[in-house]
């Protein structure tokens, strides 16, 4: 970890501790961006999750680190969709495009590419009908072969 990353992490921990934040919403996100303007949003999200801080949508984004986190964030994004459909769709489309790109990386292991393709499929279903996603994903998970899971 670089010194700048270490400094940002210390500042983030101090801010979260001082403010007593357990959840990040609009007000908290604005304060974070003001306090750490050079920190990447993806780094902030990842580090806050590591610290056990919950993030409301749209600040959490679409987490493609695992199928479980993808499911959680897509369900939360469906709630955002009810209030801000354009913002929610834009967020999922961007995550889908990035994940599709990762799925095409021939340098990645076949299992990793298969996982990313499954994630793309989930996001396409979400984009088709966000309100039905939670029901669909329950059915989809029951279809996945437990003896040979997609997730590496």
**Q.** Options 73, 99, 135, 77; residue that is crowded, with 20+ Cβ neighbours inside 10 Å and without any contact (Cβ under 8 Å) to a residue 24 or more places away in the chain
**A.** 73
Q) For the subset of segment 46-57 comprising residues that are more than 10 Å from residue 12 (Cβ to Cβ) and crowded, with 19+ Cβ neighbours inside 10 Å, which member is modelled with the highest pLDDT? A) 55
(Q) So residue 105 ticks every box in (1) in a helix (DSSP H, G or I); (2) over 16 Å from the mean Cα position of the chain (by Cα); (3) within 27 Å of residue 44 (Cβ to Cβ) but one. Which box is left unticked? (A) (1)
**Q.** residue 32, sole failed condition from (1) within 22 Å of residue 140 (Cα to Cα); (2) assigned to a helix (DSSP H, G or I); (3) at pLDDT below 95
**A.** (1)
**Q.** Residues of segment 1-21 that turn out to be exposed (fewer than 11 other Cβ atoms within 10 Å of the Cβ), at pLDDT 90 or above and not in a helix (DSSP H, G or I), as a count
**A.** 1
(Q) So residue 115 ticks every box in (1) more than 18 Å from the chain's Cα centre (by Cα); (2) assigned to a helix (DSSP H, G or I) but one. Which box is left unticked? (A) (1)
Q: Sort out which residues of segment 47-68 are over 18 Å from residue 100 (Cβ atoms) and either part of a loop (DSSP other than H, G, I, E, B) or without any contact (Cβ under 8 Å) to a residue 12 or more places away in the chain (or both), and write them in order of number.
A: 50, 51, 52, 53, 56, 57, 58, 59, 60, 68
Q: Assess whether residue 132 counts as being modelled with pLDDT of 95 or more and under 17 Å from the mean Cα position of the chain (by Cα).
A: no
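The values are calculated or read from the model by the stated rules, or taken from the named source; none is laboratory data. What you see is a predicted model; the values in this text were computed from it and never measured. FYI the Cβ positions are ideal-geometry reconstructions off the backbone, even for glycines, and counts take in every protein chain you see.
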